[in-house]
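Asker: Structure below; questions to follow.
The values are calculated or read from the model by the stated rules, or taken from the named source; none is laboratory data. Just so it is clear, the structure is predicted and the values come from calculations on it, not from any experiment. Methodologically, a virtual Cβ is constructed for each residue, glycine included, from the backbone with ideal geometry; neighbour enumeration extends over all protein chains shown.
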Amino acid sequence: MRTLFLLLALTLAGVAGAADARAAEVMKYTPAAMAAAQEAGRPILVAIQAPWCPTCAAQKPILQRIEAEASNQNLRVLLVDFDTQKDVVMKLGATMQSTLIMFQGKKEVARSVGDTNKETIEAMVRRSLV
């Protein structure tokens, strides 16, 4: 019986750990991180967010699903804080939080603002990964 409980506990721990694993590389936006991803020709999703933003909160689980997909292992997700990284927000030409910008290397290939539709956000990312 003890072995069964131990096996169950290890299985559940493995499942929880797998849920936390991400295929995409996610990090805070820095000019160096952006430049490195662009030089490598990687697909980049820049997500401009604010902690107080309800639209950003609605986008979060969608972005987490995208980040977790194994097929997105080459994707780099760079998170921009709308309130504290105003210079980056301005450089990217964003006017509000909840802005998602896709780059393929140095070229911007898609942009959305305020979208909380799972299908359209996922489609934007898929089109940009090709």
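Asker: Hey, does the range 89-102 have a residue that's farther than 11 Å from residue 48 by Cα, in contact with a Ser or Thr (Cβ under 6 Å, 6 or more places away or on another chain) and modelled with pLDDT of 95 or more?
Answerer: For the range 89-102, residues farther than 11 Å from residue 48 by Cα, in contact with a Ser or Thr (Cβ under 6 Å, 6 or more places away or on another chain) and modelled with pLDDT of 95 or more: present.
Okay, residues lined up against (1) touching a Leu at 6+ places or on another chain (Cβ under 9 Å); (2) of a type in the set (S, T, N, Q):
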| residue | (1), (2) |
| --- | --- |
| 54 | no, no |
| 57 | no, no |
| 71 | yes, yes |
| 81 | no, no |
| 84 | no, yes |
| 87 | no, no |
| 106 | no, no |
| 127 | no, no |
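Asker: Among the helices (runs of 4 or more DSSP H) contained in the range 21-130, which hold 1 or more residues that are surrounded by 15 or more Cβ atoms within 10 Å (Cβ to Cβ), in contact (Cβ under 8 Å) with a residue 60 or more places away in the chain and not charged (D, E, K, R)? First the steps, then the outcome.
Answerer: Numbers: elements: 31-39, 54-68, 86-91, 118-129.
Fully inside the range 21-130 and qualifying: 31-39, 54-68, 118-129.
Asker: Residue 3: at pLDDT below 95 and either surrounded by 12 or more Cβ atoms within 10 Å (Cβ to Cβ) or part of a helix (DSSP H, G or I) (or both), yes or no? If you could, list the steps in order and put the result at the bottom.
Answerer: Details: at pLDDT below 95: yes; either surrounded by 12 or more Cβ atoms within 10 Å (Cβ to Cβ) or part of a helix (DSSP H, G or I) (or both): yes.
Judged against the criteria, residue 3 is a match.
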